[in-house]
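Read through the structure below, which is laid out as structure tokens, and then see the notes.
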Amino acid sequence: MVICKTPEEIDIMKRSGRILAELLNELSKLIRPGITTKDIDKYAEEFITSKGASPSFKGLYGFPASVCVSINEEVVHGIPGSRRLVEGDIVSIDVGAEVEGFHCDSAMTFPVGTVSKRAMELMRVTEDSLYRGIEQARVGMRIADISRAIQSHVESKGFSIVKALSGHGVGRKLHEEPAIPNFVIRGEPGPVLAEGMTLAIEPMVNAGSPEVKTLADNWTVVTCDSSLSAHFEHTIAVTRDGPVILTAL
Ligand code: MG
Ligand code: MG
């Protein structure tokens with residue numbers, strides 16, 4: 001069942017979304033060669049709690065940290081640790097925060113120092129595809145309209161969509177219905193979008209083949225061909241006036 005939120009509930013979600021937007025903006029300045037992924041996690045957890053919010057990921061399904069940090073061929077769900085970022089890496093940070101019982105979810109991929117042209121293009125196309133998907137999040141449209149906008153943009157640029165993972169509804173739980181695939185599934189248009197739906201839209205895009213696998217740590221998802229992967233995510237609300245991004249500054 002898709003749970004629609006009242007305007008008052010969406011206002012609460014705006015508060016957790018704002019914290020995530022501010023955090024990711026701070027991380028864009030912090031991320032540089034030499035920093036460890038654990039440093040990023042520590043900064044994020046302190047930032048979130050200092051704002052009176054809670055990190056949504058910590059302990060969720062047993063995840064041990066407040067952010068997922070995924071480097072280069074890692075797609076999502078990387079566990080922070082002692083690895084140091086090096087010049088030329090790209091690093092995806094995925095993070096959630098909860099305020100008064102409501103979660104928001106957001107992710108961005110950052111360049112570490114100077115990165116290849118190909119990496120820049122992958123990040124740009126992935127972020128653009130997110131905004132193209134968000135643009136479809138209007139009352140009366142369907143989930144598949146979001147999926148189609150993301151997929152067609154990514155594939156037109158020669159990159160590939162990760163199909164094993166999807167976006168999702170978000171609210172009192174971090175993961176709610178509906179699933180929001182980043183590609184069209186024939187015969188499955190998904191629910192019609194209605195006022196008050198709050199959705200985490202999150203294209204995961206590979207530079208090479210779309211195939212992914214999970215590493216032996218049971219968390220980290222990587223590309224099977226070791227090609228680069230990027231991930232951008234916003235939580236949005238479907239309103240009568242169109243999509244409102246809750247996780248933007
Ligand atoms: Mg996320
Ligand atoms: Mg998500």
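Here are some notes:
- All of Gly208, Gly190, Gly158 fail the test of being in a loop (DSSP other than H, G, I, E, B) and either of a type in the set (A, V, I, L, M) or closer than 16 Å to Met141 by Cα (or both), apart from Gly190.
- Extreme residue, farthest from ligand 1 (Cβ to nearest atom), among residues of the stretch 105-116 that are under 27 Å from Ile3 (Cβ atoms) and touching a helix residue (DSSP H, G or I) at 6+ places or on another chain (Cβ under 6 Å): Met108
- Within the stretch 46-55, considering residues that are open to solvent by less than 70 Å² (accessible area, probe 1.4 Å) and assigned to a helix (DSSP H, G or I), the one nearest to His175 (Cα to Cα): Ile48
Results for (1) in a loop (DSSP other than H, G, I, E, B); (2) crowded, with 21+ Cβ neighbours inside 10 Å, shown as yes or no for each residue.
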position: Glu8; (1), (2): no, no
position: Ser16; (1), (2): no, yes
position: Ile19; (1), (2): no, yes
position: Lys29; (1), (2): no, no
position: Pro33; (1), (2): yes, no
position: Ala44; (1), (2): no, yes
position: Phe57; (1), (2): yes, yes
position: Ala65; (1), (2): yes, yes
position: Cys68; (1), (2): no, yes
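- From the list Leu24, Leu122, the lone residue that is more than 16 Å from ligand 2 (Cβ to nearest atom) and either surrounded by 21 or more Cβ atoms within 10 Å (Cβ to Cβ) or part of a helix (DSSP H, G or I) (or both) is Leu122.
- Residue match in the stretch 231-245 (condition: within 16 Å of ligand 1 (Cβ to nearest atom), in a loop (DSSP other than H, G, I, E, B) and surrounded by 15 or more Cβ atoms within 10 Å (Cβ to Cβ)): yes
- Selection count where residues are away from ligand 1 (no atom under 16 Å from the Cβ) and open to solvent by less than 40 Å² (accessible area, probe 1.4 Å), scope the stretch 125-140: 2
- A search for C-beta distances below 6 Å between a residue of the stretch 77-97 that is more than 19 Å from Lys213 (Cα to Cα) and any residue that is hydroxyl-bearing (Ser, Thr, Tyr) and more than 16 Å from ligand 2 (Cβ to nearest atom), counting only pairs 6+ apart in sequence or on different chains, returns Gly81/Thr37; Ser82/Thr36; Arg83/Thr37; Arg84/Thr36.
- Phe63 vs. criteria within 12 Å of ligand 1 (Cβ to nearest atom), over 12 Å from the mean Cα position of the chain (by Cα) and among the aromatic types (Phe, Trp, Tyr): yes
- Glu188 falls short of the stated requirement of being more than 16 Å from ligand 1 (Cβ to nearest atom), under 22 Å from Arg240 (Cβ atoms) and open to solvent by 40 Å² or more (accessible area, probe 1.4 Å).
- Residue ID - farthest from the chain's Cα centre (by Cα), chosen from residues in the stretch 73-111 that are away from ligand 2 (no atom under 14 Å from the Cβ) and over 25 Å from Ala216 (Cβ atoms): Glu87
- If you go through the stretch 158-178 and keep only what is more than 11 Å from ligand 2 (Cβ to nearest atom) and open to solvent by 50 Å² or more (accessible area, probe 1.4 Å), you end up with Gly158, Lys163, Ala164, Arg172, Lys173, Glu177.
- Looking only at residues of the stretch 85-104 that are touching a helix residue (DSSP H, G or I) at 6+ places or on another chain (Cβ under 8 Å) and charged (D, E, K, R), we find that the one that is nearest to ligand 1 (Cβ to nearest atom) is Glu98.
The values are calculated or read from the model by the stated rules, or taken from the named source; none is laboratory data. Predicted model, so just to flag it, every value in this text is computed and none were measured. In this analysis, Cβ positions are derived from the backbone assuming ideal geometry, glycine residues included, and neighbour counts consider all displayed protein chains. Each accessible area value is taken on the protein alone, full model and side chains, heavy atoms only, with ligands, DNA and RNA left out. Shrake-Rupley method; radii C 1.70, N 1.55, O 1.52, S 1.80 Å.
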